[in-house]
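The values are calculated or read from the model by the stated rules, or taken from the named source; none is laboratory data. The structure displayed is predicted, hence computed values, not measured ones. Counting neighbours? That spans all protein chains shown, and the Cβs are built from the backbone with ideal geometry, glycine included.
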């Protein structure tokens with residue numbers, strides 16, 4: 001397991017949202033690889049800033065699995081010269 005941080009800590013470090021990855025590899029033939037994003041504004045509104053990322057009650061909308069890996073989503077900086 002990685003470092004366990006709160007939504008507020010992710011937000012303070014510059015995350016713009018949450019990345020959600022289905023980790024239901026064994027229940028679905030071939031393994032579910034569904035992923036999604038949630039804005040930080042919505043995450044704070046739904047769960048507050050004190051909830052840890054590993055405690056969020058997500059379920060995959062494709063396979064229904066409860067094994068969802070939640071990570072901070074950092075917006076990439078715009079490239080110069082493009």
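Can you pull out every residue in the range 16-25 that is part of a loop (DSSP other than H, G, I, E, B) and modelled with pLDDT under 95? Even if it seems obvious, please write down each step before you answer.
Narrowing the range 16-25 to residues part of a loop (DSSP other than H, G, I, E, B): 16, 23-25.
Answer for the range 16-25, where residues must be part of a loop (DSSP other than H, G, I, E, B) and modelled with pLDDT under 95: 23, 24, 25.
The residues of the range 57-75 that are closer than 13 Å to residue 40 by Cβ and either loosely packed, with under 15 Cβ neighbours inside 10 Å or free of Cβ contacts under 8 Å to residues at least 60 places away in the same chain (or both), listed by number, are 70, 71, 73, 74, 75. One residue stands out among those in the range 26-55 that are surrounded by 11 or more Cβ atoms within 10 Å (Cβ to Cβ), modelled with pLDDT under 95 and assigned to a loop (DSSP other than H, G, I, E, B): the one that is nearest to the chain's Cα centre (by Cα), which is 34.
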